Amino acid sequence: MGKCINVGIIGYGTVGSGTVEVLLDNKTTIKRKTGIDINIKSIADLQINKKDDKYLREIPVKTTDAYDIINDPEIDIVVELIGGYNPAKQFIMDSLKNGKHVVTANKALLAVDGLEIFKLADELGLHLGFEGSVGGGIPIIRVIKEDLAANNINEIYGIINGTANYILTKMDLEKKEFDEVLREAQQLGYAEADPTFDVEGIDTAHKITILATLAFNTVIPYEKVFVEGISKIKQVDIDFANRLGCKIKLLAIAKKHENDIEVRVHPTMIPERYILSKVVDVFNAIYLVSDKVDRTIHYGRGAGARPTGSAVAGDIINIARWIESGCKKTIPILGFKDKYTQYYPVKDINDIRSSFYLRFNALDKPGVLSKIAGILGKYGISISSAIQPGESSPGDVVPLVFLTHETLGRNVTNAVNEIDSLDVVKEKTVVIRVEGKK
């Protein structure tokens, strides 16, 4: 007879219900693979009395008080799935103090205020599983902590927000503007009523903070991550990207250098032949570059009840195996033994070198192009290619597009500020960073 491991779940929303579905539907499969009975003993949710489904009816204890789970001596693993900062943090901390292992998918909490949680779990020798916090059902946390432990991971590129990727895909395929596609995404349930976290890059920034922390063996301060969303991307930029042989994606990028690191989130133009340019709709992908194994790509559904529920269930099963084996915990929460100190400075976005796509909306009159090119040259920015308008009438406002050679972000910022002050430039210049070579 295998051991029975009791689980208590706090939060019965999308991920909570998905986790319960996975554990109950595949209970026999899990038992065959592990020899362990994973028993969901109780679920806590403030609205639990208003919820009902076939899975919920199988749970013995349903409560509105999370502390009925946290203080239950029979519960081995507490699963926090309410999201947000508080009371989620307090629930996790109190569960750990009560000697319980914890599983969470709370990327915002771990990215912004996770240090105290990581330290406490390691000090107490308890497990903290958070595979579901990044990439939904894509296995990536354990891959970095365990499977690639022999490697120096030097670069991470991620499409890790399905809503943003869906919107950019639809803008590309259906030639629609951002606002229209966003409304459609909300109607289909792909975007929240308040989509700020998704479309302004905040959700992506939470996730790359966690990935870079694991990959670079240092705690990344979330507030140091540069974040820019996709709400200013226009259809004209999508069209110009296609003419340049590129696609625009909301990329999370982290790079480790000898003395510092980059961690940033922003719309990025990448060559259409690159694998990441072919990741469409709500799918996610994380591309790692390591010193020994070289390039690996991890692709799949980055959100949703079942994919994320599967990741949460995987953490529960992993911890249950450790409990059943009676072994001492051997893998640190963040995958490294060094003290949790921020010993790598995070580079300011203006100090990062990149190529740039620049779109100016300027009057179509003699001398405008040379004036703009002259200011770019003044700041040491050389142009690799340019797209000028086709037919237009003198005095029309037309888009002028330049692709630059690699240069410092600071040079571009200074040049654009000066160009935007010209009378002949009628809108703020659109600046998109470019990664990769065509």
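The values are calculated or read from the model by the stated rules, or taken from the named source; none is laboratory data. Keep in mind that this is a model prediction, so the values were computed, not measured. Here Cβ is always computed from backbone atoms with ideal geometry, including for glycine, and neighbour counts include all displayed protein chains.
Quick notes on this one:
- The condition of being assigned by TED's automatic domain parsing to the domain that holds ALA121 and touching a strand residue (DSSP E or B) at 6+ places or on another chain (Cβ under 6 Å) holds for only one of ILE333, ILE319, ILE297, that being ILE319.
- Residue pairs meeting the criteria (Cβ under 6 Å; at least 6 apart or on separate chains; first farther than 24 Å from ILE253 by Cβ, in the range 406-434; second part of a helix (DSSP H, G or I)): GLU418/ILE375; ILE419/ILE372; ILE419/ILE375; VAL424/VAL368; VAL425/ILE419
Results for (1) among the β-branched types (Val, Ile, Thr); (2) exposed (fewer than 13 other Cβ atoms within 10 Å of the Cβ); (3) closer than 25 Å to GLY132 by Cβ, shown as yes or no for each residue.
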residue: THR308; (1), (2), (3): yes, no, yes
residue: VAL312; (1), (2), (3): yes, no, yes
residue: ILE333; (1), (2), (3): yes, no, yes
residue: LYS337; (1), (2), (3): no, yes, yes
residue: THR341; (1), (2), (3): yes, yes, no
residue: ILE372; (1), (2), (3): yes, no, no
residue: ILE375; (1), (2), (3): yes, no, no
residue: ILE383; (1), (2), (3): yes, no, no
residue: GLN388; (1), (2), (3): no, yes, no
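- The lone criterion from (1) assigned by TED's automatic domain parsing to the domain that holds GLY132; (2) over 33 Å from the mean Cα position of the chain (by Cα); (3) not hydroxyl-bearing (Ser, Thr, Tyr) left unmet by LYS371 is number (1).
- Strands (runs of 3 or more DSSP E) within the range 223-338 that include 2 or more residues basic (Lys, Arg) and modelled with pLDDT of 95 or more: 246-256
- Restricting attention to the range 339-350, the residues that are in a loop (DSSP other than H, G, I, E, B) and at pLDDT 90 or above add up to 3.
- Of residues in the range 1-17 being in contact (Cβ under 8 Å) with a residue 40 or more places away in the chain and among the aliphatic types (A, V, I, L, M), the one surrounded by the fewest Cβ atoms within 10 Å (Cβ to Cβ): ILE5
- The number of residues in the range 18-47 being in a helix (DSSP H, G or I) and crowded, with 18+ Cβ neighbours inside 10 Å comes to 7.
The rows are residues; the columns are (1) in the same structural domain as ASP25 (by TED's automatic domain parsing); (2) under 20 Å from ILE331 (Cα atoms); (3) touching a His at 6+ places or on another chain (Cβ under 8 Å); (4) of a type in the set (A, V, I, L, M).
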{"position": "ASP45", "(1), (2), (3), (4)": "yes, no, no, no"}
{"position": "ASP72", "(1), (2), (3), (4)": "yes, no, no, no"}
{"position": "LEU126", "(1), (2), (3), (4)": "yes, yes, yes, yes"}
{"position": "PHE130", "(1), (2), (3), (4)": "yes, yes, no, no"}
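- Residue match in the range 245-254 (condition: surrounded by fewer than 18 Cβ atoms within 10 Å (Cβ to Cβ) and more than 15 Å from the chain's Cα centre (by Cα)): yes
- Residue count, the range 95-122 (criterion: surrounded by fewer than 15 Cβ atoms within 10 Å (Cβ to Cβ), in contact with a Leu (Cβ under 9 Å, 6 or more places away or on another chain) and over 18 Å from ASP315 (Cα atoms)): 1
- Tabulated pairs, the range 138-156, first among the charged types (D, E, K, R), second assigned to a loop (DSSP other than H, G, I, E, B) and surrounded by fewer than 18 Cβ atoms within 10 Å (Cβ to Cβ), C-beta under 8 angstrom, 6+ apart or interchain: LYS145/ILE331; LYS145/GLY335; GLU146/ILE331; GLU146/GLY335
- Top-ranked residue in the range 390-407 [being polar (S, T, N, Q) and at pLDDT 95 or above; ranked as surrounded by the most Cβ atoms within 10 Å (Cβ to Cβ)]: THR404
Listed here are the residues, each with its yes/no results for (1) over 20 Å from SER277 (Cβ atoms); (2) among the polar types (S, T, N, Q); (3) assigned to a helix (DSSP H, G or I).
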residue: THR163; (1), (2), (3): no, yes, yes
residue: THR169; (1), (2), (3): no, yes, yes
residue: LYS176; (1), (2), (3): no, no, no
residue: THR204; (1), (2), (3): no, yes, yes
residue: ALA215; (1), (2), (3): yes, no, yes
residue: VAL219; (1), (2), (3): yes, no, no
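- A residue that is crowded, with 20+ Cβ neighbours inside 10 Å, in contact (Cβ under 8 Å) with a residue 24 or more places away in the chain and more than 28 Å from VAL401 (Cβ to Cβ) occurs somewhere in the range 221-233.
- When ARG433, ARG410 are checked against the criterion of being among the charged types (D, E, K, R), at pLDDT 95 or above, in contact with a Gly (Cβ under 9 Å, 6 or more places away or on another chain) and surrounded by 13 or more Cβ atoms within 10 Å (Cβ to Cβ), ARG433 stands alone in meeting it.
- Every residue from the range 207-223 that is out of contact with any Phe, Trp or Tyr (no Cβ under 6 Å at 6 or more places or on another chain) and polar (S, T, N, Q): THR213
- Verdict on TYR287 being hydroxyl-bearing (Ser, Thr, Tyr), crowded, with 16+ Cβ neighbours inside 10 Å, touching a His at 6+ places or on another chain (Cβ under 9 Å) and not assigned by TED's automatic domain parsing to the domain that holds ASP76: yes
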